[in-house]
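Comments concern the structure below.
The values are calculated or read from the model by the stated rules, or taken from the named source; none is laboratory data. Owing to the predicted nature of the structure, the values given are computational and were not obtained by experimental measurement. Cβ coordinates were reconstructed from backbone atoms using ideal geometry, including for glycine residues, and neighbour counts include every protein chain displayed.
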Amino acid sequence: MLIPLPGRLREYAERATSPVPAKDAATIAVVRDGAEGIEAFLMRRQSSMAFAAGMYVFPGGGVHEDDFGVVDWTGPSPEEFGERLGCAPDLAHALVVAAVRETFEETGVLLAGPDADTVFGDTTIPEMTQAREDLEDHRLGFAEFLRRDRLVLRADLLGVWAHWITPAFEPRRYDTRFFVAALPDGQRIDSVSGEADRSLWAPLTRVLERVDAGGAAMLPPTVATCRELVEHRAGEILAASLQRTVTPIEPRIVEVDGEMYLQTESQEHL
């Protein structure tokens, strides 16, 4: 399947010169089981955003320098994540921390707890709301936050799902690792980030129906991830992630009958 190139992207592709470097980023598809099957939490980015404006996305964002800092961690080691992610252990560490940090900042879902076997319960309490604001405004680092509140990052709750790189012609590019995680028991989404103008839990069957009908805008990596996740239940998502071979996917431009399209190496993604 080929995706017609939207006008904005066509303009970028036609005048593209040397590709800009792709920044490391991480995102988490947070899922739960519902009456209509697996659901994912999605946010629609503000129309004023420089990247993916108006698109439905999973929570996530770029890697920060302090994401490389030491944290109390349980689960697969950075070396093990590095093997799955195809990168050095220090970058794997930062990607995991960035994914957990960004998801907490944007949604209140916190993949961390007082010890290696628990997660924090109610993250809507004032102290946690303040911590999220401080993190988002860079008044507090995530490693510092975990140390201060004596929390252990639960890397064992994260599964590696995919690796997408923004096409070379785009003016803003990201080298993004997609993770998956089931919504922890006792937690709920609270006061979503100001980067979004809408957010919702949505059955992925309905999401894909809307996308296919043109009723919802999504970037190809998000669509691909939704198509893959819809085959599973939230309770089995970590086990499913371990069965995947994750390799980088970088869509490219192809021309068919004078029209420009976006294509990936593996067409079943789209």
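Structure values in brief
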read-out	value
Test result for Asp137, more than 17 Å from Ala26 (Cα to Cα), among the acidic types (Asp, Glu), surrounded by fewer than 20 Cβ atoms within 10 Å (Cβ to Cβ) and without any contact (Cβ under 8 Å) to a residue 24 or more places away in the chain	yes
Unique match (being of a type in the set (S, T, N, Q) and surrounded by fewer than 18 Cβ atoms within 10 Å (Cβ to Cβ)) among Thr129, Thr176	Thr129
Count of residues meeting criterion [crowded, with 22+ Cβ neighbours inside 10 Å, under 11 Å from the mean Cα position of the chain (by Cα) and more than 19 Å from Thr247 (Cβ to Cβ)] in region 62-95	0
Leading residue by the ranking (nearest to the chain's Cα centre (by Cα)) among those in region 173-182 that are assigned to a strand (DSSP E or B) and under 13 Å from Pro248 (Cβ atoms)	Phe178
Hits in region 104-115 (condition: surrounded by 13 or more Cβ atoms within 10 Å (Cβ to Cβ) and either touching a Leu at 6+ places or on another chain (Cβ under 7 Å) or not in a helix (DSSP H, G or I) (or both))	Phe104, Glu105, Gly108, Val109, Leu110, Leu111, Ala112, Gly113, Pro114
Residue check, Leu135 part of a helix (DSSP H, G or I), closer than 30 Å to Arg227 by Cα, within 21 Å of the chain's Cα centre (by Cα) and not polar (S, T, N, Q)	no
Any hit, region 156-172, residues being over 19 Å from Met55 (Cα atoms), in a helix (DSSP H, G or I) and in contact with a Ser or Thr (Cβ under 9 Å, 6 or more places away or on another chain)	yes
Condition met for Leu140 (aliphatic (A, V, I, L, M) and assigned to a helix (DSSP H, G or I))	no
Qualifying residue in region 195-214 (condition: surrounded by fewer than 17 Cβ atoms within 10 Å (Cβ to Cβ), modelled with pLDDT under 80 and in a strand (DSSP E or B))	yes
Count of region 82-103 residues which are in contact (Cβ under 8 Å) with a residue 40 or more places away in the chain, of a type in the set (Gly, Ala, Ser), more than 21 Å from Asp190 (Cα to Cα) and in a helix (DSSP H, G or I)	1
Long-range neighbours under 8 Å by Cβ, at least six apart or interchain, first residue over 12 Å from Leu85 (Cα atoms) within region 239-255, second surrounded by fewer than 14 Cβ atoms within 10 Å (Cβ to Cβ) and not basic (Lys, Arg)	Ile249/Glu265; Ile249/Ser266
Subset of region 141-184 [of a type in the set (A, V, I, L, M), within 17 Å of Ala92 (Cβ to Cβ) and in contact with a strand residue (DSSP E or B) (Cβ under 7 Å, 6 or more places away or on another chain)]	Leu153, Ala155, Leu157, Leu158, Val160, Ala162, Ile165, Val180, Ala181
Unmet criterion (only one of (1) in a loop (DSSP other than H, G, I, E, B); (2) more than 16 Å from Thr27 (Cβ to Cβ)) for Met218	(2)
